Amino acid sequence: MTDSLSSEMPSHDVLLVGGGGAGLRAAIAVSEVDPNLSVAVVSKVYPMRSHTVSAEGGSAAVIKEGDSLDEHAYDTISGGDWMCDQDAVELFVNEAPGEMLQLEHWGCPWSREPDGRVAVRPFGGMKKERTWFAADKTGFHMLHALFQTSLKYRSIARYDEWFVTRLLVEDGRVQGVVAIELMTGKIQAITAKSVIICTGGCGKVFPFTTNANIKNGDGMALAYRAGVPLKDMEFVQYHPTGLPFTGILITEASRAEGGFLLNKDGYRYLQDYDLGTPQPKPVLRSMELGPRDRLSQAFMKELEKGRTLEGPYGPYVHLDLTHLGKKIIDTKLPFVRELCLKYENIDPVSELIPVRPVVHYMMGGVHTDIQGATPLAGLFAAGEAACVSINGANRLGSNSLTELLVFGGRAGRAAAEHALQDKPLSAGIEAQAADEKKRLEREFLHKSGGTEPIAGLRGEMQSIMEKSAGIYRTGTLLEEAQAKVAELKERFRQVAIQDHSHTFNTELTAALELSYMLDVAEAVVECALHRTESRGAHQRIDFPRRDDERFLAHSLVSHRPDDRPRVEYLPVTITRWPPGERVYGRPAAPAPPG
Amino acid sequence: MKPSTAYRQYHPKWYRTRVSTLWWSRKWSYLKFMLRELSSVFVACYVVILLLQLHALRGGPDAYQGFQDWLKDPWLVILNGVSFLFVLFHAVTWFNLTPKAMAVRLRGKRLPNVLVAAPNYVAWLAVSALVVFLLTRQG
Amino acid sequence: MAETITIEVARYRPEQEGEPALQSYEVPLNKDWVVLDALNHIKDHVDGSLSFRWSCRMGVCGSCGMTVNGEPKLTCATFLSHYAPGPIRVEPLKNFPVVRDLVIEMTDFMEKLQSVKPWIVRQDDPAPAKGEFLQTPEQLDEFKQFSMCINCMICYAACPVYGLDPQFVGPAAIALAQRYNQDSRDQGEQERMDVLSQHEGIWGCTFVGECTEVCPKDVDPAGAIQQYKLAATKEWFKSFLMPWSKQ
């Protein structure tokens, strides 16, 4: 068969892999730089299915009197255990209000004050109230506002339900992607002068996660395989309050509105972990409004002490909203109530909600600078898939939605500028695309006799990751995980594919997603093993202290074919806030006398 | 449309289900919808009869008497009865639709649907009462 | 031996078959499981070739709409135990072409959505830096309900008008048009009216009301359409009685 890919290789100026919040924001940004630039949004799902849709609590930006950009920056930096690049954070908090107002102008239905101004709510780790929200479906409303607004731009072409399998790189720059059109099974090269990765996180590497089924680290693995380093991959955020079986997120807003975390004795156990003293009303940066890493770690300590409850899906504690009353719950947390009623058969108005820490967010991602540019020419990344880094060792709740606007926009503008340089397509691209097509056919579509079921490999990967790279880690366990992931990658060569259809072959995509997740798992374990200190979400039992001497630096992990990945370090950028102690629930320094 | 169309590689081959002729019988809400559609026929009947009545009125007392006798035909009585039921049905569904079409607010709060629909019924009763009053006074 | 329940799934593999046929599977009747969990159990452990869309499993991404025992449902919010002792029949959403198994084709909706201009239209275009458009909670309330649409296509599957006439713009797209019309920040009602006052727009709707009944997010598309009809009628009367009022 001489199925030429070139005769019909569509070409664009900027191509986005992923159509969630960051991708759509970037697409609009490109169109606003120059409406003549052709933009392609290539996404394995329809854009409004993207996982941004599940974000609940809100999006942070300084807007109210009495708040300041510096305070937002400080909360972010201390929350990130001083691993954030402070130049990036300053830029982030500066641009955040503008981006949020822009989204307001694009129709996002922000919740309002009686006088018509945008309302804000408190959030974990934030000293001031600065979290904008659209009830408790903030991500949903932001995504739909962005998607619907993007429909206005004629220069944005969409490749809905196209699954990207590879970046096309030649002459040291990225020049497009190869993707499978799910509807027809056609394998197609799509070329572009700039490519932006906006594929989000990789929660499905773990067994219990708030992440949707589509969160498999696709873009991280694509970049990693193309030789681009991943940054800070050891920092995996556990959200302290997920529903045990489904991993459905019970938003932090439920604690911001005054919810309590109780152990099996009905005791607000956070007071035992240096998070402040219990008060009847929520206190910012204290108790239940402490940062996510500390709350998740407290759960593990309670588990050790035997003070958690035990259910069919493992240990859990209770989130108590009953004292808030029906009215507050229905107006401020309607989605929480809906989720509990519909998926867990529990009414939070009168019953306690079972919760456990669940994997929620990846602080790490594709290494980028503050323009969203990666070290590979023409390749950009934004959103959860990227690591700028503003999240450091632990992201503060409600910073990620803002991040995808600020850095989605920046990456879009930078990618547009890059595309305007207008370099010609390299001669080897077509051959590379043809090779990729052959690989997909050889390894998956035409393959028979595989012995390893996808679900089996995936399950083994998830359980070793939970056991070794979870909330608390040790060198021994990580070494075990390292060997196990290598073994799984080897066994993946024998993956069993029963489905050889060209039409909407979801077994094929599941296999490809598993291969991405195995690469991401490898990167996480490798970085976690090398970082022999404890910081933010990375807690080593064998190295319980933070070690600024050696590790006030980002990990950069690079893929090496037929060898273990290489880990290097890049110093953290410190501008105005020297590393200090992270203090919650009490004053940061002894009060001056008098 | 034909399911036997051969599959061609890299081309979708969609299956389209045909809507069955009796689709409306599957569900009460669908059936209700068809009945309401059907009611328009009977509303039209009413209109035709009314026009005939006007025509007869114009033709003088004899013609009008003839028309009234014609109305007593059992078939016409049945037709009028059925028409009345359908028009009633049509009116009720129409009234119940008002709260959907108009979100009425009082001091910032949306009025419950029942309260929005209620004025229709009140007006209807009032007009009916007036008609009854006029008729009985004549008699 | 744990309890099980039978699931009959509509299979359609266009490369092999001319039309869909039911295939039965036994799955554990786990009280925490929804229909989607059962489908995943089948895909992971019984038959990897079963195809369906899903993502968030929390009723907000809108991917997993299917027909369960004849009713359009989000399968992530439909418990197996509700249908015990079974069997449960799972088919693709009605009124759409079937791509494969439980996957339907919905580009038609995507085009219709775009045609109703679901974005804020402004005559003036004040810079965001000047601050937010003020909008009171009451003004927000005017359109909030219509903004909850997750595009799950369940209302289209329940709408006989759409089934009979695929040209009909349909419930979700009209509800979203109304979402913007009712938004105090928007000035695009007239532009949208041009699209929606056509025959296949609002007037296609004969008020079956099923769209509102089946909506998993209480969006009330039927209400949106009736509001729109009223507005269009007023507009028509106005232009008829006062032709000079239209610029």
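Nothing in this text is a laboratory measurement; each read-out follows from the coordinates by a stated rule. Everything numeric here is computed off the predicted structure, so don't read it as measured data. Heads up, the Cβs are rebuilt from the backbone with ideal geometry, glycines too, and the neighbour counts pull from every protein chain shown.
The table below lists the values:
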| quantity | calculated |
| --- | --- |
| Highest average packing first - A:512-524, B:91-103, A:465-477, Cβ atoms within 10 Å | A:512-524, A:465-477, B:91-103 |
| Under 5 Å, built H, 5+ apart or other chain: amide partners of residue A:473 | A:539, A:540, A:541 |
| Degrees separating the helix A:86-105 axis from the principal Cα axis of chain A, which is the longest one | 90 degrees |
| Anisotropy class of the range A:372-473 from Cα gyration tensor, a/c 1.5 cut | oblate |
| Kirkwood-type radius of chain C, with distances r between different C-alpha atoms, in Å | 20.0 Å |
| Burial ranking of peptide ranges C:32-44, A:124-136 (average Cβ count within 10 Å, highest at the top) | A:124-136, C:32-44 |
| Sum of side-chain charges, residue C:85 neighbourhood, beta-carbon under 15 Å (Lys, Arg +1; Asp, Glu -1) | -1 |
| For the range A:109-249, the fraction of alpha-carbon pairs in successive 5 Å shells from zero, as % | 2, 7, 11, 14, 16, 17, 14, 10, 6, 3, 1, 0 |
| Cα shape, chain B, gyration tensor, a/c 1.5 rule | oblate |
| Fully extended contour minus Cα-Cα distance, from residue A:545 to residue A:560, at 0.36 nm per residue | 2.3 nm |
| Solitary cysteines of chain C, where the nearest other Cys Cβ is not under 4.7 Å | C:64, C:76, C:149, C:152, C:159, C:205, C:215 |
| Links that overshoot a 18 Å alpha carbon limit, given the list A:186/B:13; A:327/C:217; B:32/C:73 | A:327/C:217; B:32/C:73 |
| Given charges at beta-carbon only (K, R positive; D, E negative), |dipole| of the range C:4-104 in Debye | 260 debye |
| Dimensions (Å) - the range C:107-245, Cα atoms, principal axes, largest first | 47, 38, 27 |
| Contact order normalised by residue count of chain A, Cα under 8 Å, 6+ apart, percent | 22 percent |
| Chain A - mean residue ellipticity at 222 nm from DSSP helices (-39,500 (n - 2.57) per run, n ≥ 4, rounded to 500) | -10000 deg cm²/dmol |
| Shielding score for C:101-108, defined as the mean number of other chain Cβ atoms within 10 Å | 3 |
| Test item: A:455-466 mean partner chain Cβ contacts at 10 Å | 1 |
| Convex hull volume per residue in cubic angstrom - Cα atoms of the protein assembly as shown | 214 Å³ |
| Sequence-distant residues sharing a close amide H with residue A:209 (under 5 Å, placed H) | A:359 |
| Percent of beta bridges antiparallel (DSSP, chain A, rounded to nearest 5) | 65 percent |
| Pairwise FRET efficiency - residue B:6 versus residue A:490, Cβ, R0 = 30 Å, nearest 0.05 | 0.15 |
| For B:88-101, mean number of other protein chain Cβ atoms within 10 Å | 3 |
| Label-point gap, in nm, between residue B:37 and residue B:80 - each point 7 angstrom along Cα→Cβ | 3.0 nm |
| Packing rank of C:92-101, A:39-48, where each peptide gets the mean count of other beta carbons within 10 Å, highest leading | A:39-48, C:92-101 |
